[in-house]
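What follows is a short report on a single structure.
The values are calculated or read from the model by the stated rules, or taken from the named source; none is laboratory data. Keep in mind it's a predicted model, so treat the numbers as computed, not measured. In this analysis, Cβ positions are derived from the backbone assuming ideal geometry, glycine residues included, and neighbour counts consider all displayed protein chains.
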Amino acid sequence: MPAGGVVRTTSQPGLTTMLNRSCREVTRLVLEGEDRSLTLGERIIVRWHYRICEACPKFGRQVKLMRRALTRWRQYSESE
């Protein structure tokens, strides 16, 4: 123990605190992932949140479905 009996702790957040994000933040990241590649940290945050949330994985699947449907529609409209 340091002189004076005071133990100092850092105010840096723990890993769990850093990974716990709101559904709104994760939704924003999922949608940003449509326009750009997410960083490794962002992908980890999304995957972590998917493990603890029931609704957000459904939203992620809906976004993938819309992307696939739009791709097919573009291919169909270009073939005519």
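Across segment 47-80, the qualifying residues are those that are of a type in the set (Val, Ile, Thr) and modelled with pLDDT under 95, and the one among them that is farthest from residue 19 (Cα to Cα) is 71. Residues in segment 53-79 that are touching a residue at least 12 places away in the same chain (Cβ under 8 Å) and assigned to a helix (DSSP H, G or I): 6 in all. So which residues in segment 30-49 are without any contact (Cβ under 8 Å) to a residue 12 or more places away in the chain and assigned to a helix (DSSP H, G or I)? Selection gives 32, 35, 40, 41, 43, 47.
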